Structure formats: C-alpha cells, structure tokens
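Structure, as structure tokens:
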Amino acid sequence: LRVNDVIHRGFPAGPPGRLRFALDIPKGARLQLACAIDPRLHERPGVEFVVKVKAGSREHVVWTRLRDPISRPEDRAWVPVDVDLAKQAGRGRELVLETRGYEQAGDPEHAWWGTPAITVARRAPLTIVYLVDTLRADHTGVYGYARNTTPELDAFAKDAVVFDAAIAHASWTKPSVASILTSRLPGQHKAVQLRDPLDPSNVTIAQRLDERGWATGAAIANSVIYGAESEFDRGFDVFAGLHGEGDQRSKLVGADVVVDSALAFLRSRQGMPTFLYVHTMDPHVPYEPPPPFDRMFEPFPTEGHPARDPRTDFKEPLDRERMIAQYDGDIAFGDREFGRFVRELKAAGLYEDALIVFLADHGEEFLEHGRWLHGRSLFDELIRVPLLLKLPGNRAAGTRVSEQVQGLDAVPT
C-alpha cells in the first residue's frame, strides 16, 4: 500500500480483520510494524488496531490504538508501531492482529498492517547503499578538494576502499540509479527518460536479497526515484519517498530527514539480515543549505543574488562563485548528516560488520564546458563520482584503486 509515497508490504485487514501467526517469542523480543488506512477511505470512520498474544487458552492485549484520519491528520500516513514483547516470551505462542470498525461490512482493504516483524538484538548481515544525489567527486576532501566540505566522509574513507576513477552510467538520476541497483546498462534497463519505468525484466539488488530472506528498505528524497511511475520499489519491504513542507514532494527534503527515516528502518529490523538504500538530495539544485552552512563558504549570497539556481540567478560572473559556495555548503550539510548516520551505526553495534557503499548518481556543471546543472553533457564533472566501499571488519581499509570502475559494479560486489 502506498500512502503519501511511502510504501509498506503488508496485509489488508478489514475491518473486521483477524490475522493469526503461530510462533515462538524469544527473550527481549519486540514487535515492529506499521498500520494505515487506505487513502481512498480517509473520510470514513476510524479503525481500531489491536495486537494480542495468545498463550495456551488466554489472549493478552499488548497494544491497541484507534486510527482516525478524519480528526487526526497524523493518521493519514503509515504510523509506526513498536511493542515490547518481553512479558510474552515463550514457545508455542500465537500473535493476533485484529482490526475493528464502526462499519463492519466495509472494504476488505480499508485497513492495513505493514511489514510486521519480531526483532531481537543479535548480529546479522547488513548492507547499505548510501547515495548522495548530484555530488561531484572533486568537491570532496577524499578526492583532493581544497575546501573542507566533507570531514565526515574523509574520516569514513580511512575505514574504506576508495575508487579514484568511478564512472556513472548517466549524467542524471534515473538511468544512473537504475544501473546501480540492477547492474545493467541504460539501454538494457530502459529507464532513460523522465517518465520511463524500470523495465520489469530487470531484477534489482533488493529483489535478489528479498528472495534470500533479507529485510529490504529504502529512504529516498528524490521523487524521480520514488514516484509510482518509476517502479523502483520492487523487492522492498519499506520504500519511503520523503516529502517536504505541507507533505508535498520537494527538492528541499534535507539529508537529516532521510537519515532519520533510514535509522528508523534499521531499528525496526534489528537482528535480521538487512539491505538499506539511502538517497539524499543535497546538493541538488536549488542550492539552499540550512544555517550555518549557507555562510560556510564565500562569496555569500546577497540581496538580488540568492545563488539558488543558475536558470534564474546567474546575472554576473560572481554569481557563479556564489552558487558554487552554496553548492559546497549543501555538501557540507549532507556530510554532517552522513557522519551522524555512521555514528548511530556504531552506537547500535552495526558498523563494524556492515558493508557500506557510498557513492553519487552524477555530478554537476558550473560552466566548465559552457553548461549548468546536469543531464546535458558527459564531461568528468558529471560522470566522475565518488565511490567508497567499507567492507565488513574494515577489510582493505585505506586502499585506493586507480583502475576505472562503474556504477553497475556495485551489485556484484
């Protein structure tokens, strides 16, 4: 079910609905799931969601909530649920998910349970693709940039293998990301125009790992990827397209919002083999870093020269330098959030064993060859991207690879 561009794989649940699962509940277990009302039915009366655990002949209510989209706007979305099952631990239990409503003979897909899982604290494989949209390799410290835009990425590089000649398969997002996730060239996966879907004959890394029992999640700020017409969600348990102000699609969804969503997914799948795709939007145009990053590098924007978008703000030669400074400020903001992401992985005990691929889908032009933005040419500033690979146990940390590699090398790796 897609609600506000956030997709959960799950179960339609009436009301009335009663789903029963026979299982053993280990010590320290938690139930992680989400619940939602179908957006077509948000003007209908609310639904009560109930979680029970049955031991022998007795049923215990462990969680219940009324979701009422009419009176509570926050209920017009997938609502996460986290239930402590410590008191219900034991063998031969039955988990019961119930829905109750005022309209008992309603649509069987009125209410939904999303991606239910029982989690425990234990070691398990973790693979992460962390993609920064529009990030030029030569604007990062790892690749020799003079400005201090990426101190967190520079620190991460000490634990990783750095590829000095990584090439994207396109100079804009959709075909490049499709190649990264499928290991196929644009002419094969066919997602080459703005409205093109990912051809169903292509199998993504999410599908491959889902078939092998992995939990699969994505936190994405770019609507080109999460839009329903693109069909990039195949194989994902949770595919979160993140909105901006007013719950609207926006190119200004910050990396902080994406990192929060990504970390929430990891917490909801603790102890499971997990694949996570993270797609942040900084430093994509408009170049609008939040304070203090908007005043990190000179020259600063001035009245009449906001330096947000070259299509409207390039009025004098100095505007180019202003836009580069704001672009670099966006990189620095995104880098701070990547550092927070890494620290949270370490705090949760997930970092050491994780395989993390950090890369970009393409770069950006600032008149080096007479053009702005991206998607218009194939010079190095657009297709040479950062690519760092942190292996489990930090194997080969500090290695630099000079041979050319490509976006489609990520999946087989």
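The values are calculated or read from the model by the stated rules, or taken from the named source; none is laboratory data. Predicted model, so just to flag it, every value in this text is computed and none were measured. No Cβ is skipped: glycine too gets one built from the backbone with ideal geometry, and neighbour counts run over all protein chains shown. Note: areas computed on protein heavy atoms with side chains; ligands, DNA, RNA excluded. Shrake-Rupley method; radii C 1.70, N 1.55, O 1.52, S 1.80 Å.
Considering the stretch 358-382, and only residues there that are touching a His at 6+ places or on another chain (Cβ under 7 Å) and surrounded by fewer than 16 Cβ atoms within 10 Å (Cβ to Cβ), the residue that is farthest from THR312 (Cα to Cα) turns out to be PHE379. Could you say whether any residue in the stretch 255-268 is at pLDDT 95 or above, in a loop (DSSP other than H, G, I, E, B) and either more than 16 Å from the chain's Cα centre (by Cα) or within 18 Å of GLU344 (Cβ to Cβ) (or both)? Checked the stretch 255-268: no residue is at pLDDT 95 or above, in a loop (DSSP other than H, G, I, E, B) and either more than 16 Å from the chain's Cα centre (by Cα) or within 18 Å of GLU344 (Cβ to Cβ) (or both). Taken together, the residues in the stretch 37-61 that are open to solvent by 20 Å² or more (accessible area, probe 1.4 Å), in a loop (DSSP other than H, G, I, E, B) and at negative phi amount to 4. Here ARG123 passes the criteria (1) open to solvent by less than 50 Å² (accessible area, probe 1.4 Å); (2) of a type in the set (Lys, Arg); (3) closer than 24 Å to SER261 by Cβ except the one numbered (1). Of everything listed in (1) surrounded by fewer than 21 Cβ atoms within 10 Å (Cβ to Cβ); (2) under 15 Å from the mean Cα position of the chain (by Cα), the single unmet condition for MET281 is (1). Of these, SER250, SER171, SER261, SER183, which one is surrounded by fewer than 23 Cβ atoms within 10 Å (Cβ to Cβ) and at positive phi? Just one listed residue meets the conditions, SER183.
Among the residues of the stretch 73-111, those identified as farther than 30 Å from LYS27 by Cβ and either among the aromatic types (Phe, Trp, Tyr) or part of a loop (DSSP other than H, G, I, E, B) (or both) are ARG76, ALA77, TYR102, GLU103, GLN104, ALA105, GLY106, ASP107, PRO108, GLU109, HIS110. Within the stretch 62-102, the set of residues being among the β-branched types (Val, Ile, Thr), surrounded by 15 or more Cβ atoms within 10 Å (Cβ to Cβ) and more than 23 Å from ASP260 (Cβ to Cβ) comprises VAL62, VAL96, THR99. Quick check, is LEU131 over 29 Å from PHE358 (Cβ atoms) and modelled with pLDDT of 95 or more? So LEU131 fails the test.
Kindly establish whether ASP138 is open to solvent by 40 Å² or more (accessible area, probe 1.4 Å), touching a Gly at 6+ places or on another chain (Cβ under 9 Å), more than 24 Å from PHE239 (Cα to Cα) and in contact (Cβ under 8 Å) with a residue 40 or more places away in the chain. So ASP138 fits the description; yes.
Only one of these is open to solvent by 20 Å² or more (accessible area, probe 1.4 Å) and among the hydrophobic types (A, V, I, L, M, F, W, C): ALA34, ALA22, ALA29, ALA13. Name it.
Of the residues listed, the single one that is open to solvent by 20 Å² or more (accessible area, probe 1.4 Å) and among the hydrophobic types (A, V, I, L, M, F, W, C) is ALA22.
Taken as a whole, the condition of being open to solvent by less than 70 Å² (accessible area, probe 1.4 Å) and either more than 21 Å from TYR145 (Cβ to Cβ) or assigned to a loop (DSSP other than H, G, I, E, B) (or both) applies to TYR287. Restricting the search to helices (runs of 4 or more DSSP H) fully inside the stretch 146-222 and requiring at least 1 residues that are within 30 Å of PRO292 (Cβ to Cβ) gives 151-157, 173-182. Examine the stretch 313-331 for a residue that is buried (at least 23 other Cβ atoms within 10 Å of the Cβ) and part of a loop (DSSP other than H, G, I, E, B), and state whether such a residue exists. No.
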